[in-house]
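Peer 1: First the structure, which I've put down as C-alpha cells, then a few questions once you've had a look.
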Amino acid sequence: MSEMENILVKELIQNTLDDKPMEICERKGLGHPDTICDSIMNQVSIELSKEYLRRFGDILHHNLDKGLIGAGGSEVRFGGGEITEPMLIVYGDRATFNVGEEHVPVKEIAIESTKEWMRSNLRFVNPEKHVKYQSVIKPGAASLQDIFQRKGKYRGANDTSAAVGFAPLSRTERLILDLEGYLNSPEFKREYPESGEDIKIMGFRNGNKLSLTVAIAFVDRFIESEADYFRKKSDIYGAINVFLNSNYDFDEVKVGINVLDREGRGIDGLYLTVLGTSADTGDSGQVGRGNNVVGVIPLNRPMSSEAAAGKNPVSHVGKIYNFLSYQIADQVCEKVEGVKEVYIWLVSNIGQPINEPAVCSAQVIPADGVDLNKITPQIREVIAQEFERLDEFCSDLATGKISVC
C-alpha cells in the first residue's frame, strides 16, 4: 500500500470507553466450547498451512471456519463420574486435497492437530477416548482456488468483507483478560485442581464500580460432597479477590461465582463436570460465537461479523484484516503521541490484492489539547508501514506466531 491518499483519518467525537458511564464485556475462557472450537480450527489451519508450505512451497486454498462441537454425555458424581457419550467435533468448509498426482491428507491433519491441542490445553480430556471426529471438508470452488494460481506478491482478497479493530483495551477488558489468564494458569491449577478450564467472565461497569460474574466448571473427581464443593468454591472466591485487590483501580469490584448454585439440592444444584468443560455434557460450541481476536467480547465496541479462526492466512480478509486492524490500532497508539483511542476500519474488494484495501480508515479520539491535523501524517505513516510488511504479518498468522486468544 504505497499510496497514502486512500488512508482516511477522521476525528471521533465521543468519550473513550473508559470515560463512558457504562461498559459490558465478556470473555469465554480456554475450555469454553466456543473457544475450544475457535482454537482447534485455527490450529488446523496452521498445521495445514505448514504442510502446504513443506510440500509445495506455498499456502494453498483452505477455509475451515465452519467447525462445531456437539456436546457429549456424562454422569457426574462426587469423587469422579464418567463420560457416557463422547463429544463430536465436526470440521466443515473447504481445503485443497490434491495438487497434480499428490494427495494431501487434510482430514488426518485436522484430527491429529485437534488431538495435540487438546492434550496441551485440556487436562482431563483424552482425545482418543472422549472425542469423536467427523470431517465434511470438501474441495473449494474453482473461482476461489484460482486466486491461488495468480501471480504476484499478494493474493487477491477472496471476499468483499469488513473488519474493525481498536486500541487500547479498556480497564475492564484488560482486567477480564488478566483474571481468566490467572484462573487458567498452571500455578492456579496446581493449587486449585478442581477448577476446570471452562471459565466464563461477564463484566458490567457502572461508573467506576465493576461487577463480575464468573462461571467455573468444577471437576467432579476433586469434589467429595456438596459441603466440599462450597468450601472449595469459597477458597477460589478468596483467591479471586486477592488477585483483584492487587490488579484493579476501580472504586469497587463485586464478584459472583457460579451464581446458579443452590445449597441443599445435591449434585443438581452444583456446576460439576467430568472433564472440566461443559462440552462433556451440557454445551455445544461453534466457530465465531466466542471472543474477538484479542480475546474479549466487547459489547460497547464495533466488531466484525467475520470469524477469523480457521480461515486461510494469505487471501481470506476475514482473518487477515480482522487481526491486522487490531495490529494497526496497537501500533498507532504506541507510536503516535496524542492518540487517546483509535478504531481502524478495513474493507476489502474481492479479487483485489490484499495490500490494496478498498477502505482504510482511522477514527481517532485525540488527547486533550492535541490537534488531530498535526498528528495525522504520523498516523498515516504507521498504517502504511504495517501494509508494507503485510507479507511478514501473513506469515506470522500462518505459523501461529499470531493466533486467536
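The values are calculated or read from the model by the stated rules, or taken from the named source; none is laboratory data. The model shown is predicted, which means the values in this text are computed figures rather than measured ones. Ideal geometry is used to build each Cβ from the backbone, glycine not excepted, and the neighbour counts take in all protein chains shown.
Peer 1: Say we look at the stretch 33-79 and pick out the residues that are assigned to a strand (DSSP E or B) and over 18 Å from the mean Cα position of the chain (by Cα); which of these is nearest to residue 93 (Cα to Cα)?
Peer 2: 62
Peer 1: Let me ask another. Suppose we filter the stretch 80-105 for residues that are under 28 Å from residue 158 (Cβ atoms), assigned to a strand (DSSP E or B) and charged (D, E, K, R); how many remain?
Peer 2: Of the residues in the stretch 80-105, 2 are under 28 Å from residue 158 (Cβ atoms), assigned to a strand (DSSP E or B) and charged (D, E, K, R).
Peer 1: Tell me which residues, restricted to the stretch 7-32, are surrounded by fewer than 22 Cβ atoms within 10 Å (Cβ to Cβ), out of contact with any Ser or Thr (no Cβ under 7 Å at 6 or more places or on another chain), not in a strand (DSSP E or B) and not aliphatic (A, V, I, L, M).
Peer 2: Those that are surrounded by fewer than 22 Cβ atoms within 10 Å (Cβ to Cβ), out of contact with any Ser or Thr (no Cβ under 7 Å at 6 or more places or on another chain), not in a strand (DSSP E or B) and not aliphatic (A, V, I, L, M): 14, 15, 16, 19, 20, 21.
Peer 1: Can you tell me which residues in the stretch 179-212 are surrounded by fewer than 19 Cβ atoms within 10 Å (Cβ to Cβ), farther than 24 Å from residue 122 by Cα and among the small types (Gly, Ala, Ser)?
Peer 2: Once the filter is applied, which keeps residues that are surrounded by fewer than 19 Cβ atoms within 10 Å (Cβ to Cβ), farther than 24 Å from residue 122 by Cα and among the small types (Gly, Ala, Ser), the stretch 179-212 yields 207, 211.
Peer 1: Among the listed residues 157, 141, identify the single one that is at pLDDT below 95, hydrophobic (A, V, I, L, M, F, W, C), farther than 30 Å from residue 210 by Cβ and touching a helix residue (DSSP H, G or I) at 6+ places or on another chain (Cβ under 9 Å).
Peer 2: 157
Peer 1: Residue under question is residue 301, and the condition is that it be of a type outside the set (A, V, I, L, M, F, W, C), out of contact with any helix residue (DSSP H, G or I) (no Cβ under 6 Å at 6 or more places or on another chain) and modelled with pLDDT of 95 or more; does it hold?
Peer 2: yes
Peer 1: Let me ask something else about it. When the residues of the stretch 273-313 are narrowed to those that are in a helix (DSSP H, G or I) and not acidic (Asp, Glu), which ends up surrounded by the most Cβ atoms within 10 Å (Cβ to Cβ)?
Peer 2: So, considering only residues that are in a helix (DSSP H, G or I) and not acidic (Asp, Glu), the one surrounded by the most Cβ atoms within 10 Å (Cβ to Cβ) is 279.
Peer 1: Against the condition buried (at least 20 other Cβ atoms within 10 Å of the Cβ), more than 27 Å from residue 298 (Cα to Cα) and of a type in the set (A, V, I, L, M), how does residue 176 come out, does it pass?
Peer 2: no
Peer 1: For a quick check of your reading of the model, give me the residue pairs whose first member lies in the stretch 104-116 and is over 18 Å from residue 138 (Cα atoms), whose second is not in a helix (DSSP H, G or I), with beta-carbon atoms closer than 6 Å and at least 6 apart or on different chains.
Peer 2: 115/127
Peer 1: With respect to the numbered conditions (1) of a type outside the set (Asp, Glu); (2) crowded, with 16+ Cβ neighbours inside 10 Å; (3) in contact with a Lys or Arg (Cβ under 7 Å, 6 or more places away or on another chain), which one is the sole condition not fulfilled by residue 68?
Peer 2: Among (1) of a type outside the set (Asp, Glu); (2) crowded, with 16+ Cβ neighbours inside 10 Å; (3) in contact with a Lys or Arg (Cβ under 7 Å, 6 or more places away or on another chain), the lone unmet condition for residue 68 is (3).
Peer 1: Give the residues of the stretch 234-260 that are touching a residue at least 40 places away in the same chain (Cβ under 8 Å) and either among the β-branched types (Val, Ile, Thr) or in a helix (DSSP H, G or I) (or both), sorted by residue number.
Peer 2: 235, 236, 239, 240, 243, 244, 253, 255, 257, 259
Peer 1: Also, quick follow-up: Here is a list of conditions, (1) over 16 Å from residue 74 (Cα atoms); (2) crowded, with 21+ Cβ neighbours inside 10 Å, and residue 215 meets all of them except one; can you say which number that is?
Peer 2: Exception for residue 215: condition (2).
Peer 1: Same structure again: Please work out if residue 78 is more than 22 Å from residue 41 (Cβ to Cβ), surrounded by fewer than 22 Cβ atoms within 10 Å (Cβ to Cβ) and of a type outside the set (D, E, K, R).
Peer 2: yes
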